[in-house]
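As structure tokens, the structure follows; a few thoughts come after it.
The values are calculated or read from the model by the stated rules, or taken from the named source; none is laboratory data. It should be emphasised that the depicted structure is a prediction, and the values quoted were computed from it without experimental measurement. Note: ideal-geometry Cβ built from the backbone for every residue, glycine included; neighbour counts use all protein chains shown. Quick note on the areas: whole protein, heavy atoms, side chains included, nothing else; ligands and nucleic acids left out. Shrake-Rupley method; radii C 1.70, N 1.55, O 1.52, S 1.80 Å.
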Amino acid sequence: VGRRREQQRLLPALRSADLELLIITGLGGSGKSTLATRLARKLETYGFMPIPLSSSKENPLSSARLLQAFGEAFRKAARKHKSRGNAQKAEELAILAEDLGNARQSVEGRLHDALSALNDGQFLLLLDNFESILDEVDLHILDPEIASFYRYLLENLSGSSRAIITTRYPPSDMPNLPPKARREDLSDFSQSSFLKILQRDPEVERRIRS
């Protein structure tokens, strides 16, 4: 309830590549995750393959989790290409998925390779609750490997893939966003939207009418 306008405005921009990276900010309970999920589901119907990763204080986002998620997504995409008869693309993605798990290669190099594959494919990277890995004082990203990837993502994401990040506060690591990245700050619900939520309870709805 109350985020339809944002969805109707952001979805066409994400589809057309006018917007490649979206950072959704706002206080807890303002609908960031719900809006991101709805956008992801809509984009999935247009051929985007979601790569969702949620972060929390108990299970924070890390380079290991990120590489594992990329590997799983690329294996899935490889099977999809193989079923469609594109054996060469399937093999490239399968090899990359294996290489992402090779600890003998640097984390930074593997994450850069993963982003190259994103730019060459049609994926949607969804990083939810990003604030859990931010310093509470100056809002910089605590994990150096994730901080490096975040900056690299903002500077180099292009092609057919998209990224959506939800966070209470925007990271301070890169305050100036590139042209095709945008911050969407979710304001408080309007009174009419709040009443719509209340009216989901039949008794409350009856009492409002009377």
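Okay, here's what the table says:
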| item | result |
| --- | --- |
| The chain: angle of helix 87-99 to the longest principal axis, Cα-based, in degrees nearest 10 | 90 degrees |
| Helix axis angle, 32-44 relative to the chain longest principal axis, alpha carbon, degrees | 60 degrees |
| Volume per residue of the C-alpha convex hull in segment 1-136, rounded to whole Å³ | 127 Å³ |
| Sites Q8 and Q88 - FRET efficiency at Förster radius 35 Å, r taken between beta-carbons, to 0.05 | 0.35 |
| Electrostatic dipole magnitude of the chain [Cβ: Lys, Arg +1; Asp, Glu -1; Cα centre; debye, to 20] | 1280 debye |
| Trypsin sites (Lys or Arg not before Pro) restricted to DSSP loop in segment 14-57 with at most 12 other C-beta within 10 Å | K57 |
| Rounded to whole Hz, the Karplus (6.51, -1.76, 1.60) HN-Hα couplings of segment 162-174, x for glycine and proline | 10, 9, 10, 10, 10, 7, 4, 10, x, x, 8, 5, 9 |
| Percentage relative contact order, the chain, counting C-alpha pairs under 8 Å, at least six apart | 33 percent |
| Share of carbon and sulfur in the accessible heavy-atom surface of the chain [1.4 Å probe, %] | 48 percent |
| Tilt relative to the chain, helix 144-156 - C-alpha long axis, 0 to 90 degrees, to 10 | 90 degrees |
| Restricting segment 1-64 to GluC sites (Glu not before Pro) in coil, as DSSP defines it, with at most 14 other Cβ within 10 Å | E58 |
| Segment 8-32 residues near the modelled D188 label - backbone nitrogen below 20 Å, point 7 Å along Cα→Cβ | 25-32 |
| Residue-averaged [θ]222 nm for the chain, counting only DSSP H segments that reach four residues, each worth -39500 (n - 2.57) | -15500 deg cm²/dmol |
| Amide H partners (placed H, <5 Å) of F123, local residues excluded | M49, S161, R162 |
| Of K42/K180; K42/K82; K42/K76; K42/K196; K32/K82, those spanning more than 29 Å from alpha-carbon to alpha-carbon | K32/K82 |
| Point-to-point label distance, D135-R15, nm (Cα→Cβ direction, 7 Å offset) | 4.2 nm |
